[in-house]
1. Being touching a residue at least 40 places away in the same chain (Cβ under 8 Å) and farther than 17 Å from Val236 by Cα is the filter here; which residues of the stretch 199-224 pass it?
2. Which pairs turn up if I take residues in the stretch 91-109 that are farther than 12 Å from Pro296 by Cα and look for partners that are surrounded by fewer than 18 Cβ atoms within 10 Å (Cβ to Cβ) and modelled with pLDDT of 95 or more with beta carbon separation below 7 Å, at least 6 apart in sequence or on another chain?
3. Is it the case, given these coordinates, that Gly63 is assigned to a loop (DSSP other than H, G, I, E, B), touching a residue at least 40 places away in the same chain (Cβ under 8 Å), buried (at least 18 other Cβ atoms within 10 Å of the Cβ) and of a type in the set (Gly, Ala, Ser)?
4. Report whether or not Gly13 is in a strand (DSSP E or B) and under 26 Å from the mean Cα position of the chain (by Cα).
5. So for the stretch 103-117 (the condition being buried (at least 19 other Cβ atoms within 10 Å of the Cβ), farther than 17 Å from Ala61 by Cα and at pLDDT 95 or above), does at least one residue qualify?
6. Every residue in the stretch 66-94 that is among the acidic types (Asp, Glu) and outside any strand (DSSP E or B), please.
7. Limited to the stretch 193-211, what total is found for residues that are among the aliphatic types (A, V, I, L, M) and within 17 Å of Met228 (Cα to Cα)?
8. Looking only at the stretch 245-288, count every residue that is part of a loop (DSSP other than H, G, I, E, B) and not hydrophobic (A, V, I, L, M, F, W, C) and tell me the total.
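The values are calculated or read from the model by the stated rules, or taken from the named source; none is laboratory data. A quick note: this is a predicted structure, and the numbers were derived from the prediction, not measured. Quick reminder, even Gly has a Cβ in these numbers, built from the backbone with ideal geometry, and neighbours come from all protein chains shown.
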Amino acid sequence: MKGYAMLEIGKTGWIEKEMPACGPLDAIVKPIAVSPCTSDIHTVWEGAIGNRHDMILGHEAVGEVVETGALVKEFKPGDRVIVPAITPDWGSLEAQKNFSMHSGGMLAGWKFSNFKDGVFAEYFHVNEADANLALLPDCLDPAAAVMLSDMVPTGFHGVELADVQFGDSVCVIGIGPVGLMSVAAAALRGASRLYAVGSRTKCVEAAKAYGATDIIDYRNGDLVEQIMEKTHGAGVDRVVIAGGDVDTFAQAVQMLKPGGVIGNVNYLGAGDYVRIPRVDWGCGMGHKTIRGGLMPGGRLRMEKLASLMETGRLDTSRLITHKFNGFEHMEEALLLMKDKPRDLIKPVVMI
């Protein structure tokens, strides 16, 4: 089969590989729609997870089942499915401790394009199909549904980590596709003032549509100063970090009220340390909590998030700014995520 792969750090290209084998609990899926992610960029061009040779990229897909293992009960060839980016080993001790995304080790529930070939291929393998796939509802457009693989669950998890409650003031730092889903999730959870930090016009428009009450443009001045001015010096109850770098945590701590919570879902592809400002953290005693987590995977979560789209409570189509038809456009779509033109939110490739 053909796949689009990381050849080595800084280099990608098409390769030929054997079609993956299907274990008794597993499934083989062919993609219907896929989307590149900023994580792919960190992996290839920053070497964030180390060197990988001839590893097929991609972890966002909806597809069609072509083969199932003998012990698979819930899926059959021909089923159209949502494939989450995180596919844990559900019998692991980590899963039994409610941290399935770390099954087998830290971040090891993230298999696709980490230590296993990803979804940018004619066929790909899904472990534990009954637990890691979800049926694609007939009413959902596959292009919009592919956002359920990663963008929606990651953005929503940032809001879960920050523990947003009714009436909370919330700042979402970074309004790329993940941050936009954090804005949507914070609004669904009942945030009152919802500050979205970003500058690109497309993203700003989408943030407002998803429920942002205020846009904070970092080009107009210090981010923290703008937040403190708008909150009359009080700061915010919750912060979701969905963009930025290791220095962004300092800003999040500075704008957070005592007793507040920071939820980070930003993939830090570079830097050795996260710096926390001592005084703004209450000299270590400010009850300012920082939580960082990889999104949960699994069938149940996919089904619940898909139901938000089915009922019209969530519209992911706003995220899709570039749509390609044909596998041959895979490189073009990936490079869009690398170069990030101002009119980009998210590209999708229809296979």
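1. First, pick out the residues of the stretch 199-224 that are touching a residue at least 40 places away in the same chain (Cβ under 8 Å): 200-203, 206, 209-210, 212, 216, 223.
Matches in the stretch 199-224: Arg200, Thr201, Lys202, Cys203, Ala206, Ala209, Tyr210.
2. The qualifying pairs are Gly104/Ser92.
3. Values: assigned to a loop (DSSP other than H, G, I, E, B): no; touching a residue at least 40 places away in the same chain (Cβ under 8 Å): yes; buried (at least 18 other Cβ atoms within 10 Å of the Cβ): yes; of a type in the set (Gly, Ala, Ser): yes.
No: the conditions fail for Gly63.
4. Details: in a strand (DSSP E or B): yes; under 26 Å from the mean Cα position of the chain (by Cα): yes.
Spelling it out, Gly13 is indeed in a strand (DSSP E or B) and under 26 Å from the mean Cα position of the chain (by Cα).
5. Looking through the stretch 103-117, at least one residue is buried (at least 19 other Cβ atoms within 10 Å of the Cβ), farther than 17 Å from Ala61 by Cα and at pLDDT 95 or above.
6. Within the stretch 66-94, the subset among the acidic types (Asp, Glu) is 67, 74, 79, 89, 94.
The answer is Glu74, Asp79, Asp89, Glu94.
7. Step one: of the stretch 193-211, the residues among the aliphatic types (A, V, I, L, M) are 194, 196-197, 204, 206-207, 209.
Now restrict to residues that are within 17 Å of Met228 (Cα to Cα): 194, 196-197.
Going through the stretch 193-211 one residue at a time, the tally reaches 3.
8. So the first thing to find is which residues in the stretch 245-288 are part of a loop (DSSP other than H, G, I, E, B), and the list is 245-247, 265-281, 285-288.
Pick out the ones that are also not hydrophobic (A, V, I, L, M, F, W, C) and you get 245, 247, 266-267, 269, 271-273, 275, 277-278, 280, 286-288.
Summing the residues that are part of a loop (DSSP other than H, G, I, E, B) and not hydrophobic (A, V, I, L, M, F, W, C) in the stretch 245-288 gives 15.
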